[in-house]
């Protein structure tokens, strides 16, 4: 006789225990001058208008809170986030816009 097991909590909307976004500290660390270029900004073909201006702590898509930058490439940036609905970690890849205004 086959037994059915319940869906894992991260796939079961009924098991979701939604959380509020975390508050990130605003002091106790060195602040980078906005005029200093870092990471992908140093690439010779970098166009700031093509990248989404992500901020730590920002909630994207209504329930993904940005926690840290994981990496970048020539056409995208990858971010670590928290799914506030299912209380799990996620990674999100944001590709560059191919058109600018």
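The values are calculated or read from the model by the stated rules, or taken from the named source; none is laboratory data. Note that the coordinates shown come from a computational prediction; the quantities given were computed from them, not determined experimentally. Cβ atoms come from the backbone with ideal geometry, glycine included; neighbour counts cover every protein chain shown.
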Requested in this report: Considering only the stretch 30-83, state which residues are touching a strand residue (DSSP E or B) at 6+ places or on another chain (Cβ under 6 Å) and in a helix (DSSP H, G or I).
Outcome: 39, 40
Report summary line: Checked pairs for the stretch 29-57, first at negative phi and free of Cβ contacts under 8 Å to residues at least 12 places away in the same chain, second surrounded by 11 or more Cβ atoms within 10 Å (Cβ to Cβ) and part of a helix (DSSP H, G or I), C-beta under 6 Å and 6 or more apart or across chains, list as 46/40
Requested in this report: Pairs only if they're at least six apart or on different chains, beta carbon under 6 angstrom, first in the stretch 74-97 and touching a residue at least 40 places away in the same chain (Cβ under 8 Å) and on the phi > 0 side of the Ramachandran plot, second surrounded by 13 or more Cβ atoms within 10 Å (Cβ to Cβ) and in a loop (DSSP other than H, G, I, E, B); list them, first residue then second.
Outcome: 87/19
Requested in this report: Filter the stretch 67-99 down to residues that are farther than 15 Å from residue 54 by Cβ, more than 14 Å from the chain's Cα centre (by Cα) and surrounded by 15 or more Cβ atoms within 10 Å (Cβ to Cβ) and give me whichever is modelled with the highest pLDDT.
Outcome: 85
